[in-house]
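The values are calculated or read from the model by the stated rules, or taken from the named source; none is laboratory data. From a predicted model like this one, the values you see are computed outputs, not experimental measurements. Please note: Cβ atoms are built from the backbone with ideal geometry, for glycine as well, and neighbour counts cover all protein chains shown.
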Amino acid sequence: MYKFKNPLIAFAGPLFLIGVIALVASGSHARVNGNTEGQFGPPIVGLWKVVITLNGTEILRGFDIYNSDRTEVLAEFHDPRTGNVCLGVWTQAGPHTFKLLHPAFRWNHQVDESLILPPLLNQSWVGYRIVTEDVTVDPDGNSFSGTFTIRRFSTAGVFQGETDAQVTGERITPDTPEANLF
């Protein structure tokens with residue numbers, strides 16, 4: 001074992017190392033909000049209740065989680081047999097702004113989802129849909145709003161149309177009242 005010749009270094013070195021380890025291990029316990037990056041990263045990170053509207057009419061709702069590794073998972077509010085969980089990736093575009101890319105497959109779902117029979121033999125793949133979002137998290141970190149665009153493509157990748165809508169999100173925490181989840 002190496003012995004330090006200077007007793008100050010022998011004492012201060014390990015003390016300094018313990019202090020650095022304690023500082024790193026303690027992390028930030030501040031709540032993630034729009035003003036700072038909390039222990040989990042940018043203010044978009046977390047669980048959100050999202051609502052998508054087109055011309056003021058709700059067309060989709062769900063629970064959306066933005067992970068600190070810059071992936072995203074949306075559980076849409078419709079029959080799980082139709083594939084209601086979609087995956088995406090996000091990046092930070094500014095202090096409070098974020099961009100999302102969310103690729104998905106398109107199927108020719110029955111209008112009456114009660115007619116969908118396992119194992120979904122009455123459906124066929126009709127193409128892709130690419131969802132993009134540009135959202136801004138409010139300064140308090142508890143809500144966001146922005147644009148929601150769906151671009152539709154055939155199975156061969158031929159563009160078939162686009163829908164532009166609005167998206168809003170409300171942060172969900174362990175303290176969120178149940179009534180706010182609906």
>> touching a Lys or Arg at 6+ places or on another chain (Cβ under 9 Å), over 12 Å from I44 (Cα atoms) and modelled with pLDDT of 95 or more: which single residue out of F153, F144 fits that description?
In response: F153
> Can N33 be described as at pLDDT below 95, surrounded by 13 or more Cβ atoms within 10 Å (Cβ to Cβ) and closer than 26 Å to T176 by Cα?
Replying inline: yes
> Which ones in the stretch 78-94 are at pLDDT below 95 and surrounded by 13 or more Cβ atoms within 10 Å (Cβ to Cβ)?
Replying inline: H78, D79, R81, T82, G83, N84, C86
